[in-house]
Amino acid sequence: MRWFVLACIGAIGVAHADETCNSPYISQLIKGQEDYVYVWTLGVEGLGDGSDKLVTIDVNPKSKRYGKVISKVSTGARVEAHHMGFTDDRRYLWAGGLSDNRIWVFDVGRNPAAPKLVRTISDLGEKSGFLGPHTYYALPGRMLVQALSNTQDKGGRTGMALYNNKGEFITSYSMPAEGGGDGYGYDLAVNPKQNVLLTSSFTGYANYMRPLGELIKDAEAMKKFGNSMVVWDLKAMKPTKVFKVPGAPLEIRWSLNPKDNWAITAAALTSKLWLVKQDASGQWAAKEVATIGDPSKVPLPVDISITRDGKGLWVNTFMDGTTRYFDLSNPEAPKQTYEKVTGKQINMISQSWDGKRLYITSSLLANWDKGGADNEQFIRGFAWDGSELTRKFEVDFTKEKLGRAHHMKLGTKAQRATVTGG
């Protein structure tokens with residue numbers, strides 16, 4: 001693991017954030033106006049080609065194609081498309097699905113307006129025993145992939161797999177199932193200065209592929225959700241501490257303010273915000289710091305996005321379709337200062353570096369999305385002036401026969417100039 005230690009030490013000087021939640025090792029941060037939003041989209045049988053696909057939306061207000069689909073690349077498969085992540089040089093997007101082990105690699109550097117599928121990685125299950133790749137986190141020359149399940153019983157016991165940027169498997173790490181660990185995984189996030197990797201936990205294939213209405217009536221199945229977060233020694237890739245965080249803690253966001261030394265997450269089933277921070281003795285600790293909406297109604301917080309100064313947090317709740325803003329000036333006591341219903345169902349939220357533009361998508365999981373008129377499938381772009389969200393455009397993914405809009409990443413024309421030299 002010597003390469004890993006040296007790479008992490010060498011990369012500590014890079015920027016500590018991408019536009020919303022990317023790895024600190026990713027170069028070419030978009031600090032101006034983004035030109036594109038890439039949307040990783042779940043295929044729907046009978047809708048268009050029925051396949052999962054990467055959809056590119058033009059989001060530059062000065063463009064004649066503003067708010068329009070300008071590219072789509074199908075995988076030819078339907079495997080519950082979920083998350084994606086850039087390589088450290090930002091030239092490639094890795095994306096995958098939760099019902100399969102394949103990872104699709106798209107070239108977004110050569111022509112950012114028209115990504116191209118260039119590689120399919122299919123050995124995750126064979127090499128690691130894990131199923132359902134979820135988080136793709138760039139390390140120097142490497143990609144750390146967090147899975148949600150395993151190939152043996154399709155339960156929540158899982159781990160992380162490490163690849164190089166060429167898609168070659170290197171090694172894997174199991175999530176701790178002792179010392180308070182439950183073996184479950186979901187998201188991961190790195191704080192290079194502190195030599196810390198944080199991981200969170202969700203549930204396995206046997207649960208997330210079931211219809212939500214059926215699942216919540218199964219008392220035994222509902223016990224099989226993650227209730228932990230883990231602190232890892234980043235250089236050694238060894239777990240050092242396990243926190244009890246009830247209710248499936250999902251996305252992890254480190255404060256992007258260089259003066260701060262804390263991360264925040266939202267627990268989906270309990271509707272709570274949790275803070276992970278060093279205590280007076282220097283030990284990492286986790287504590288509940290705020291409530292999101294009315295937990296008795298299970299609003300289901302599904303995605304969060306921290307502002308670049310670490311003083312604000314956007315939270316999307318799926319069931320009530322509400323986007324909330326929390327003041328994090330005191331991370332020990334976040335305060336909600338704004339809320340707005342932005343859809344009948346909403347999931348992912350992504351913001352520009354300056355915080356003036358927000359993008360929201362609708363789909364959670366194929367079997368968890370709502371039905372009938374509530375099954376809206378979209379990406380919506382909003383402007384934020386510090387006091388009000390104003391919708392600027394919408395792409396109806398059902399009308400466009402694209403599928404279910406899920407994860408997003410931002411792109412720019414400047415990427416092509418940097419990659420090609422002109």
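The values are calculated or read from the model by the stated rules, or taken from the named source; none is laboratory data. Remember, it's a predicted structure, so these values are computed and weren't measured experimentally. Here the Cβ is made from the backbone with ideal geometry for all residues, glycine too, and neighbour counts use every protein chain on show. To get the accessible areas, we keep the full protein, side chains included, count just its heavy atoms, and leave off ligands, DNA and RNA. Shrake-Rupley method; radii C 1.70, N 1.55, O 1.52, S 1.80 Å.
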Roll a 1.4 Å probe over the protein heavy atoms and report the accessible area of Lys244 in Å², nearest 10. 150 Å²
Between Ala333 and Ala236, 0.36 nm times their residue separation minus their Cα-Cα distance comes to what? 31.6 nm
Positive end of the charge dipole of the range 259-398 (Lys, Arg +1 and Asp, Glu -1 on Cβ, about the Cα centre): tell me which of Tyr338, Ile379, Gly312 has its Cα farthest that way. Gly312
Write down, largest first, the equivalent ellipsoid semi-axes of the range 166-277 in whole Å, where each equals the square root of 5 times an eigenvalue of the alpha-carbon gyration tensor. 26, 18, 13
Probe 1.4 Å, all protein chains in place: accessible area of Thr151 in Å², nearest 10? 70 Å²
Mind putting a number on the dipole of the chain about its Cα centre? Charges go on the C-beta only, +1 for Lys and Arg and -1 for Asp and Glu, and I need it in Debye to the nearest 20. 880 debye
Would you kindly find the accessible area of Asp294, with a 1.4 Å probe and non-protein molecules such as ligands, DNA and RNA excluded, rounding to the nearest 10 Å²? 70 Å²
Segment Lys193-Arg391, extension gain: residue separation times 0.36 nm, minus the distance between their alpha carbons: 67.5 nm
Inverse mean reciprocal Cα-Cα distance (Kirkwood Rh) of the range 246-319, Å: 12.7 Å
What does the accessible area per residue of the chain come to in Å², with a 1.4 Å probe and no ligands, DNA or RNA counted? 38 Å²
Put Ser74, Ser200 in order of accessible area, largest first, probe 1.4 Å, and you get Ser74, Ser200
Using the alpha-carbon centroid of each, what span in Å lies between the range 346-422 and the range 209-236? 26 Å
Just to check, using Stokes-Einstein with a Kirkwood Rh over alpha carbon pairs, what's the diffusion coefficient of the range 304-365 at 20 °C and 1.002 mPa s in µm²/s? 181 µm²/s
Taking protein heavy atoms only, a 1.4 Å probe, and rounding to whole percent, the accessible area of the range 149-305 owed to carbon and sulfur comes out at 49 percent
HN-Hα J in Hz across the range 119-124 - Karplus 6.51, -1.76, 1.60, θ = phi - 60°, x for Gly and Pro: 7, 10, 9, 10, 9, 4
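Just the number, please: carbon plus sulfur as a percent of the accessible area of the range 11-136, 1.4 Å probe, no ligands or DNA/RNA counted.
Reported share for carbon and sulfur atoms: 44 percent.
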Note: Thr171 to Asp374 extended length (0.36 nm per residue) minus current alpha-carbon separation gives 68.8 nm
Of the listed values [x] 56, 50, 44; [y] 74, 51, 46; [z] 148, 57, 49, identify the label whose number matches Cα extents along the principal axes in Å calculated from this model. [x]
